[in-house]
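The values are calculated or read from the model by the stated rules, or taken from the named source; none is laboratory data. What you see is a predicted model, and the numbers here were worked out from it, not measured in a lab. Cβ coordinates were reconstructed from backbone atoms using ideal geometry, including for glycine residues, and neighbour counts include every protein chain displayed.
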Amino acid sequence: MGILLPIPTDEERERAADVFSSLLEKSGNGIHTITVHAEGMGGKAVEQFHFAQDSDALIPCEGMIAPFARLLAVAVAGANGGMILRTWGYQDAVRAWAFRGGDFVPLTKEEVMHSFRYNAESGEVSELPEGTEYLDAPAL
């Protein structure tokens, strides 16, 4: 049995493209992974998009763009869920957003840290991994 998620309209797909463009612009230089998840009846859908970026070029993992964009449009259509931007390198950095009614709500550094420490299934709180900086997410 599959997961039942909202079906985005053309307008919601266009808004998702704008959000994606803003996210790429605000991610800065580095090697990045964006993980998006949307919850629906029957479970959760998850997609990732990997890319490298510097001031001269964006190098995407081409095969990941379409599935990621489709799920991002589902989030714009009103699915609950969230998105995490992880930047890899000498100092790893993490920023995150929650989806609420089609809006992307930036999480604060403290909210991101809490979500990485707290296991909702077990209720356990764990230590944060060393070498990762948790940042306030920008508005998209």
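Restricting the first member to region 1-14 and to residues that are more than 15 Å from P67 (Cβ to Cβ), and the second to residues that are small (G, A, S), the beta-carbon pairs closer than 6 Å and six or more apart or on different chains are M1/G42; L4/G40; L4/G42; P6/A77; P6/G78; P6/A79; E12/A73; E12/A77.
Being within 20 Å of A139 (Cα to Cα), under 12 Å from the mean Cα position of the chain (by Cα), assigned to a strand (DSSP E or B) and of a type outside the set (D, E, K, R) is a property that V36 has.
Here E14 fulfils each of the conditions (1) outside any strand (DSSP E or B); (2) more than 22 Å from S115 (Cα to Cα); (3) touching a strand residue (DSSP E or B) at 6+ places or on another chain (Cβ under 7 Å) apart from (3). If only residues of region 1-28 that are surrounded by fewer than 12 Cβ atoms within 10 Å (Cβ to Cβ) and of a type in the set (G, A, S) are counted, the one that is modelled with the highest pLDDT is S21.
When V105 is tested against the conditions (1) in contact with a Pro (Cβ under 9 Å, 6 or more places away or on another chain); (2) surrounded by 12 or more Cβ atoms within 10 Å (Cβ to Cβ); (3) under 14 Å from V19 (Cβ atoms), the lone failure is (1).
For region 39-60, filtering for residues that are of a type outside the set (S, T, Y) and over 21 Å from V76 (Cβ atoms) leaves 8.
All told, G43 meets the bar of being within 30 Å of L5 (Cα to Cα), at pLDDT below 95 and over 12 Å from the mean Cα position of the chain (by Cα).
This table checks each residue for (1) at pLDDT below 95; (2) over 15 Å from R15 (Cβ atoms); (3) polar (S, T, N, Q).
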{"position": "G63", "(1), (2), (3)": "yes, yes, no"}
{"position": "G81", "(1), (2), (3)": "yes, yes, no"}
{"position": "Y90", "(1), (2), (3)": "yes, yes, no"}
{"position": "W97", "(1), (2), (3)": "no, no, no"}
{"position": "F104", "(1), (2), (3)": "yes, no, no"}
